[in-house]
Structure formats: C-alpha cells, structure tokens
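Asker: For reference, the structure I am asking about is given below.
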Amino acid sequence: MLLEIPEIFTPQQAAEMKAALLQAEWVDGRVTAGHQSAQAKQNRQLPENSPVARECGERILKALPQSGLFMSAALPQRVFPPLFNRYEGGEHFHNHVDNAIRRLPTGGQIRTDLSCTLFLSEPDEYEGGELLIDDTYGAHKVKLPAGSLVLYPSTSLHRVTPVTGGSRICSFFWLQSLVRDDGQRTLLFDLDMSINRLRQELGDHEAIVAQTGVYHNLLRRWSEP
C-alpha cells in the first residue's frame with residue numbers, strides 16, 4: 001500500500017523546521033547507505049547525532065500519533081529516529097530498495113516494513129526531485145506539499161529524480177509494523193476506514209460493533225509482539 005498522508009505539520013511548522021535544518025552542518029548522504037545504495041546515492045544528510053536533527057526528529061515522532069490516518073495505515077510498533085536529507089545542484093538517488101534491517105542508535109535493531117518520506121520543502125521551491133515508487137501498476141510520482149508524508153512498503157524499488165533547481169529538504173525514516181505482511185495491513189486499513197465511515201453515518205449500530213470485533217480479531221491473529 002502506498003498512501004499520501006496530508007498535514008502531519010502545517011506549512012508554517014514545516015517551514016520553521018526547514019529553516020532550522022538549513023542552519024546545521026550537512027554531510028555526504030552515503031553515511032547511512034548500504035553497499036548497494038551507496039553506489040546510487042548522491043545527496044547530503046544531517047548526521048544522526050546532530051542536535052538540530054534530534055530535536056526535529058522528536059517533533060516528528062510526537063506528531064505522528066496525532067494522525068489517525070497514519071496510525072491506521074502503519075500500525076507502528078517501532079519507529080527509526082527520523083533522518084534528514086537535502087538535494088540540490090543535480091543531486092539524485094537512483095533505483096534502490098531500502099535495507100531490510102536497520103540498527104538503532106540506542107542499540108538493537110528494527111525490521112523495515114514501511115518507509116516514510118516527510119516533505120519539508122514546498123513543491124514550487126525546487127525543480128525535479130520527484131520520489132518515484134514502483135509497484136505492480138508501475139511507477140508512482142510523489143511530490144507533496146510541505147508537512148505532508150508518503151508511506152510505502154520498504155520492499156518497493158524507488159528513486160529520487162535529479163533536483164535541477166532550488167533545494168529539496170525532507171525527513172525520511174522507517175518503521176516496523178505490528179503486522180509484517182503488506183497485504184494484511186492493507187485489508188485492516190480498508191476495514192478500519194469502512195468502519196469509520198459507517199460510524200459517521202449510522203452511529204454505534206450493532207452491525208458496526210460486529211465489524212469492529214472482526215477488525216480486532218484479525219489484528220489479534222496477524223500482529224506480532
């Protein structure tokens with residue numbers, strides 16, 4: 001499932017975060033790339049131990065649970081601390097698949113079920129820089145308003161086209177979901193959205209209570225501790 005999630009932050013909040021990030025010291029983006037990705041990657045990132053990156057990352061982690069759409073689609077169990085990248089002057093990221101396992105800065109590791117890109121630059125602030133994500137139906141082009149996020153399976157082949165003008169600032173991170181299988185997560189998300197729509201129309205009808213029970217029983221069956 002590929003899902004665009006609007007307004008994790010307001011445009012003003014995203015602009016304030018971007019302004020703070022631009023004052024920090026950026027390094028070669030290949031510092032967090034695996035062997036395959038390092039051959040394809042050309043951008044800059046903030047170091048994981050950057051105070052600005054940590055502060056902005058904490059803001060993102062606090063904002064995510066406020067989005068019911070994000071929580072329903074992702075069913076997050078563990079979230080990798082958000083990172084930040086910058087593309088300009090023709091920088092790009094060729095075709096790659098994200099690493100299956102990421103080591104957490106605090107120790108331990110996380111399985112990357114879902115990848116997230118949170119846009120902090122407005123689309124008209126840079127040329128190019130589209131995130132292209134491949135699935136069964138072809139390549140999907142993503143270039144969202146500042147403060148909006150795209151969520152997609154980490155198994156997807158994806159790339160960032162060259163930024164030929166302006167500057168593209170984003171946060172990116174991964175999460176391990178309570179439900180590993182993308183097809184099962186998608187069914188749960190569709191069921192949850194259907195229940196919410198029916199509840200708005202019918203209130204707490206007994207049929208909706210029954211559907212809610214089905215949702216939770218499927219989640220109980222498919223979730224991993």
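Asker: From the list Gly166, Gly128, Gly108, pick out the single residue that is at pLDDT below 95 and either under 26 Å from Ile60 (Cβ atoms) or buried (at least 19 other Cβ atoms within 10 Å of the Cβ) (or both). Full working, then the answer.
Answerer: Working: Gly166 fails: at pLDDT below 95; Gly128 fails: at pLDDT below 95.
Matching residue, one of Gly166, Gly128, Gly108: Gly108.
Asker: Looking at the stretch 169-180 only, could you name the residues that are within 18 Å of Pro123 (Cβ to Cβ) and open to solvent by 20 Å² or more (accessible area, probe 1.4 Å)?
Answerer: Of all residues in the stretch 169-180, those within 18 Å of Pro123 (Cβ to Cβ) come to 169-172.
Answer for the stretch 169-180, where residues must be within 18 Å of Pro123 (Cβ to Cβ) and open to solvent by 20 Å² or more (accessible area, probe 1.4 Å): just Phe172.
Asker: Among the numbered criteria (1) open to solvent by less than 60 Å² (accessible area, probe 1.4 Å); (2) within 22 Å of Ala73 (Cα to Cα); (3) assigned to a strand (DSSP E or B), which single criterion is violated by Lys141?
Answerer: (1)
Asker: Only one of Ser67, Ser121, Ser154 is open to solvent by less than 10 Å² (accessible area, probe 1.4 Å), farther than 25 Å from Ala24 by Cα and either free of Cβ contacts under 8 Å to residues at least 60 places away in the same chain or among the hydroxyl-bearing types (Ser, Thr, Tyr) (or both); which?
Answerer: Details: Ser67 fails: open to solvent by less than 10 Å² (accessible area, probe 1.4 Å); Ser121 fails: farther than 25 Å from Ala24 by Cα.
Exactly one of Ser67, Ser121, Ser154 is open to solvent by less than 10 Å² (accessible area, probe 1.4 Å), farther than 25 Å from Ala24 by Cα and either free of Cβ contacts under 8 Å to residues at least 60 places away in the same chain or among the hydroxyl-bearing types (Ser, Thr, Tyr) (or both), namely Ser154.
Asker: Okay, next question. Out of the residues in the stretch 181-216 meeting the condition of being within 29 Å of Pro153 (Cα to Cα), assigned to a helix (DSSP H, G or I) and of a type in the set (Asp, Glu), tell me which one is most open to solvent (accessible area, probe 1.4 Å).
Answerer: Asp190
Asker: Let me ask you something else. Output the number of residues of the stretch 84-96 satisfying the condition of being open to solvent by 50 Å² or more (accessible area, probe 1.4 Å) and in a loop (DSSP other than H, G, I, E, B). Lay out the reasoning, then the answer.
Answerer: Applying the first criterion (open to solvent by 50 Å² or more (accessible area, probe 1.4 Å)) to the stretch 84-96 yields 89, 94-95.
Filter once more, keeping what is in a loop (DSSP other than H, G, I, E, B): 89.
Total meeting the criteria: 1.
Asker: Okay, moving on. Output the residues belonging to the stretch 141-181 that are of a type outside the set (Gly, Ala, Ser), closer than 27 Å to Gln13 by Cβ and touching a Ser or Thr at 6+ places or on another chain (Cβ under 6 Å). Let's see the steps before the verdict.
Answerer: Our first condition is that a residue be of a type outside the set (Gly, Ala, Ser); within the stretch 141-181, this holds for 141-145, 149-153, 155, 157-164, 168-170, 172-176, 178-181.
Right, trim to closer than 27 Å to Gln13 by Cβ and you get 141-145, 149-152, 158, 160-161, 163, 168-170, 172-176.
Result: Val150, Tyr152, Arg168, Ile169, Cys170, Phe172, Trp174.
Asker: Please indicate, with yes or no, whether at least one residue in the stretch 64-74 is at pLDDT 95 or above, of a type outside the set (Asp, Glu) and in contact with a Lys or Arg (Cβ under 9 Å, 6 or more places away or on another chain). So that I can check it myself, show each step before the final result.
Answerer: First pass over the stretch 64-74, keeping only residues at pLDDT 95 or above: 64-74.
Now restrict to residues that are of a type outside the set (Asp, Glu): 64-74.
From what is left, the residues that are in contact with a Lys or Arg (Cβ under 9 Å, 6 or more places away or on another chain) are 73-74.
Yes, the stretch 64-74 has at least one match.
Asker: Out of (1) within 30 Å of Asn217 (Cα to Cα); (2) touching a residue at least 24 places away in the same chain (Cβ under 8 Å); (3) of a type in the set (D, E, K, R), the odd one out for Asp98 is which?
Answerer: So Asp98 meets the others, but not (1).
Asker: Going through the stretch 40-64 one residue at a time, which ones are in a helix (DSSP H, G or I) and open to solvent by less than 70 Å² (accessible area, probe 1.4 Å)? Full working, then the answer.
Answerer: Here is the first cut: in the stretch 40-64, the residues in a helix (DSSP H, G or I) are 40, 51-64.
Result: Ala40, Val52, Ala53, Cys56, Gly57, Ile60, Leu61, Ala63, Leu64.
Asker: Restricting the stretch 25-39 to residues that are modelled with pLDDT under 95 and in a loop (DSSP other than H, G, I, E, B), which is surrounded by the most Cβ atoms within 10 Å (Cβ to Cβ)?
Answerer: That would be Ala33.
Asker: Anything in the stretch 212-225 that is out of contact with any Lys or Arg (no Cβ under 7 Å at 6 or more places or on another chain) and either at pLDDT below 95 or hydroxyl-bearing (Ser, Thr, Tyr) (or both)? List them, or say none.
Answerer: Thr212, Tyr215, Ser223, Pro225
The values are calculated or read from the model by the stated rules, or taken from the named source; none is laboratory data. On a predicted model such as this, the values are computed, not experimentally measured, just so you know. We place every Cβ from the backbone using ideal geometry, glycine too, and count neighbours over all the protein chains shown. Side chains are part of the model used for accessible areas, which takes the heavy atoms of the whole protein and leaves out ligands, DNA and RNA. Shrake-Rupley method; radii C 1.70, N 1.55, O 1.52, S 1.80 Å.
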